[in-house]
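The values are calculated or read from the model by the stated rules, or taken from the named source; none is laboratory data. All values derive from a computational prediction rather than experimental measurement. All Cβ positions, glycine included, derive from the backbone under ideal geometry; neighbour counts span all protein chains shown.
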Amino acid sequence: MMLLVAATLLVVAAGRSSSRAADPPSFAGVWMVDTSACPGFNVSANLSAWGVSPGNEWGDKGCVDNSKYWTSDTSCNLLTFSYGLWPEMGGKHGDLPQTGNLTAHLEHVKLCLESTPKDWDGLGAWDFESWYPIWERNGPPLLPVRDGGGRYQNASRTLVRGRHPTWTAEQIEAAAKKDWETAARGYFEQTLLLCRKLRPRARFGFYNYPAGSLKILDGSCGGTPEGCNGFPAQERALDDRLDWLWAASGALFPANDVCMSGTKGPWGQGNTTAEAMRVANGSIPVYPFIWMKQCSPKPSTRTVCHRL
């Protein structure tokens, strides 16, 4: 899940620029962190002075994670969804997309959407981060073993090897990759298409897509701010293979990690937003999530509140 106690998470709606130079750029800010503890430190969590005010709250909170949201534009109605029968390692809903039940998953998605008004015209960001639909992003070197990289790939290879014990390693690898990407695409694409069918006025997409594999907060990219400048060509090539996902999306929700480390200030922001604008190609609105966090040392709740 993306909501962490020590984070300040905002959503900014980046629309097309106006043809009238006098018009200021418009955006909707959404506050997505629980600040209920702040009054205990004599800190007000009322952000109205910055144009951020409470948004609408409705829906089944077991389905829609919107209980702590603040928005400067109540017509935005941003909701994040973390529902459905997504396969995950550990015996959850089939472990792998190849062995999961997509039909049952979509039935749960339908139940989730039915908790929203039929004429809802807001933004829906699906938050699923256990695995990626692109094979390479699920294992080393793009996803290190320490972060769970390789688990889903190894399980997929084992599945193919069980069906074809005489195949070579190259044959198993090719089949495992093809089977994975076909099944994973079904979960992502069919989820969005069902959302569009049931709530045609709303815009749906997946949180953290496009998703760069290089993680800024864990000291990757060479461990320096300069090492994370730009979006690697290998990442752009992987995103180009997700053209089906961008076609099914009504909006893009890239995540930008802004790391506050000691006294060095923020760094690492903007790369995924630029990549989202590239794949959107002017046809899909982009709503970046901006995650500001004190990486080292980790701040206390009191510190987070006082930094408001």
Practice item. Among what's in region 274-290 and is touching a Leu at 6+ places or on another chain (Cβ under 9 Å) and not in a loop (DSSP other than H, G, I, E, B), pick the residue that is modelled with the lowest pLDDT. Key: 290
Exercise for review: Would you mention how many residues in region 102-113 are exposed (fewer than 14 other Cβ atoms within 10 Å of the Cβ) and in contact (Cβ under 8 Å) with a residue 12 or more places away in the chain?
Suggested key: 2
**Study point:** Selection count where residues are in contact with a Gly (Cβ under 6 Å, 6 or more places away or on another chain), at negative phi and in a loop (DSSP other than H, G, I, E, B), scope region 117-158
**Key:** 4
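Just the residues that are part of a helix (DSSP H, G or I) and among the β-branched types (Val, Ile, Thr), please, taken from region 159-177.
160, 172, listed by residue number.
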Review point. Is it the case that residue 189 is over 21 Å from the mean Cα position of the chain (by Cα) and surrounded by fewer than 22 Cβ atoms within 10 Å (Cβ to Cβ)?
Key: no
Exercise for review: Confirm whether residue 180 is modelled with pLDDT of 95 or more, surrounded by 14 or more Cβ atoms within 10 Å (Cβ to Cβ) and part of a helix (DSSP H, G or I).
Suggested key: yes
Practice item. Go through the residues of region 81-89 one by one and say whether even a single one is modelled with pLDDT under 80 and closer than 24 Å to residue 156 by Cβ. Key: yes
Check your understanding: Given (1) at pLDDT 80 or above; (2) within 29 Å of residue 109 (Cα to Cα), where does residue 234 come up short, assuming only one miss?
Key -> (2)
Point to revise | Count - residues of region 155-201 that are closer than 13 Å to residue 126 by Cα and of a type in the set (A, V, I, L, M) | key: 3
Exercise for review: Kindly check whether there is at least one residue in region 177-190 that is farther than 26 Å from residue 247 by Cα and without any contact (Cβ under 8 Å) to a residue 24 or more places away in the chain.
Suggested key: no
Check your understanding: Scanning region 115-151 for residues that are closer than 26 Å to residue 78 by Cβ and polar (S, T, N, Q), which turns out surrounded by the most Cβ atoms within 10 Å (Cβ to Cβ)?
Key -> 116
